[in-house]
Amino acid sequence: MENNTIQDVVDELLTHSDDTNTQQAMIEQLEQDKSDADLALLLESLPWSERLSTWDQISDDRKVAVLVEMRLDASASILENQDENRLLALFTGIDADTLLELQDSLPEHLLENVIGRMDEEQQHRYSAAQQYDDEEVGHWCDHQPLVVPAKTKMKVVTRLLRRTLPPHSHVIYLVDSRGNLVGAARINRLFGADPTLRIAEFAEEDFPTLNAKDDIYAAADKVAASGESSLPVVTDGGLLIGRLDMGTAYELQSERAESQMMASAGLDEDADLFAPVRKSAQNRAVWLGINLMTALLASWFIGLFEATLQQVVALAVLMPVVASMGGIAGSQTLTLIVRGLALGQISRANLKPLLNKEVKVGALNGVLWAVVIGLVAGFWFGDVKLGVVIGIAIVANIVCASISGIFIPVLLDKLKIDPALSGSVILTTVTDIVGFVAFLGLGSLLLLG
C-alpha cells in the first residue's frame, strides 16, 4: 500500500468494513508503509464508526504520535470514547512537548492524571511552557536545544557531537553560568578545532534570536526568512528556554494558511470532516445568522427606494451588477491586506501610501468598467440617463470597496479579531449598502426628478 493514495486506502477499508481480519492486515501494512501524518489523515477521512474501529487496530506505540498529527476535533472525538484506564496507560511516559500538543483534546481530570505520571523534568518543562499564552512562541518551542556553557573546551564538545543530534541542529548555543544565551557556534566550524580551545572562541555573539513572548506565527516567519535551521528562544532577561526549528516553522505557516482558508468560510481549521451533525450545524449556524442580519440590513436600504423600483424596473434588473462589482473589487483588496497583516508588512507608516494606491486602482478600474457597463445598460434599455446612473454608481462603489478593503481588516486586527474570519462578511455588507444607495439614489434623482 506504499504507493496508494489516502483516497484509495479509504475506499478499500470501507469496502471491507465487515471483514475484521482483512482490515487488521491492511492496518498492519499501512503502519509499515505510511507516516504518522498519513495515518492521522486516514482516520480523519473515515466516518465515525469506521474511525473508531480502525483506531482500535492501530498499535499502541503509534497511537500517541498519530493523535498529535490529527486535528483537534477529530482527536477529541476518539479520546472521549476510550476507556480512561487505557488512555492513562497509553500516555504514561509521555514527554512535555507531546502533552502540550494534546492537552486541548484531553478531559481536565485525565490531563491532571497524565501530568502526575510524568517525571520531574518533564513536569517542569510542561509547567514552564504554561507560563506563556498558546499564541506565544515560548509555549511551543523545543525545550531540548543543543546547549553547552561558553567555557566548555572543544574536546568535550567533540564528544558531544559524536552523539545523535536533534534534527535541524546546525549550531550549538552557548550560555553563561545563569543560563543566559551569550552566542552560538556553527557546528561546521568546529570540526578539526584545537581540543584545548574553548568553544567561546568560535561564538557568534549577534546570532538572531526570538523572544519567548513573540507571536508564534510571526516567529515562524522570522525563522523561515533567517536562513538558519533554527533560532534560539529567550526570555526578556536573556534566559535561553528553547528553540524554534525550520520544520516546525513550515508546519506553523501551513497551519496559518489553512486557518485563513477555513476562516473565510466561517469555519475552524480544527473542524472534523465527520463531526456530529448537531455540532457541525451549530458551528455553521452562527455565521449563517450573521450573514442573515447583514442581508436584512441591505434589504432595508433597498426598501427605502421601493417607489423608485416600482417606476423604473430596469434599476431592479441592474442592481446585482453594482453590488457584484463592488464586492469583487473589495475582496481583492481585502485578500491582499489580510495577507500583508499576516506577514507583518502593514504598519501605521505605510498605511497612507497603501490607501492612496488602492484608491487610484479602484478609481481607474471604476471608470473603465463604468464606461463599459454604462454603454451596455444604455443600449440595452435605450436610456442614456440609466447608463450614466449605473456608471457613476459603479465608480463610487468600487472606490468605496477599495477603501473598505483596507480599513476593515486593519481595524479588526487592532480589535484582536481575525480579519480573515469576519472581514468578508462586513465588506459585503458595506459594498451592498453603498452600491444600492448610490445606484437607487441617483436613479431617483436623475430618472424620476
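The values are calculated or read from the model by the stated rules, or taken from the named source; none is laboratory data. Computed from a predicted model, the values in this text were never measured in an experiment. Reconstructed Cβ throughout: ideal geometry from the backbone, glycine too, with neighbour counts over all protein chains shown.
Couple of notes before you dig in:
- Restricting the range 213-243 to residues that are of a type in the set (D, E) and more than 21 Å from the chain's Cα centre (by Cα), the residue that is farthest from Q345 (Cα to Cα): D236
- For the range 155-198, the set of residues classified as among the charged types (D, E, K, R), closer than 21 Å to S230 by Cβ and either at pLDDT below 85 or in a loop (DSSP other than H, G, I, E, B) (or both) consists of R162, R163, D176, listed by residue number.
- Taking (1) under 26 Å from the mean Cα position of the chain (by Cα); (2) surrounded by 13 or more Cβ atoms within 10 Å (Cβ to Cβ) in turn, E80 satisfies each apart from (2).
- Of T98, T54, all but one fail to be outside the structural domain of D221 (by TED's automatic domain parsing), polar (S, T, N, Q) and within 28 Å of G242 (Cβ to Cβ); the exception is T98.
- Taking the range 104-121 as the range and being polar (S, T, N, Q) and modelled with pLDDT under 85 as the test, only S105 passes.
- Out of A438, A420, A363, sole residue that is hydrophobic (A, V, I, L, M, F, W, C), closer than 20 Å to V317 by Cα and in a helix (DSSP H, G or I): A438
- All of (1) touching a residue at least 12 places away in the same chain (Cβ under 8 Å); (2) touching a Leu at 6+ places or on another chain (Cβ under 9 Å) hold for N365 with one exception: (2).
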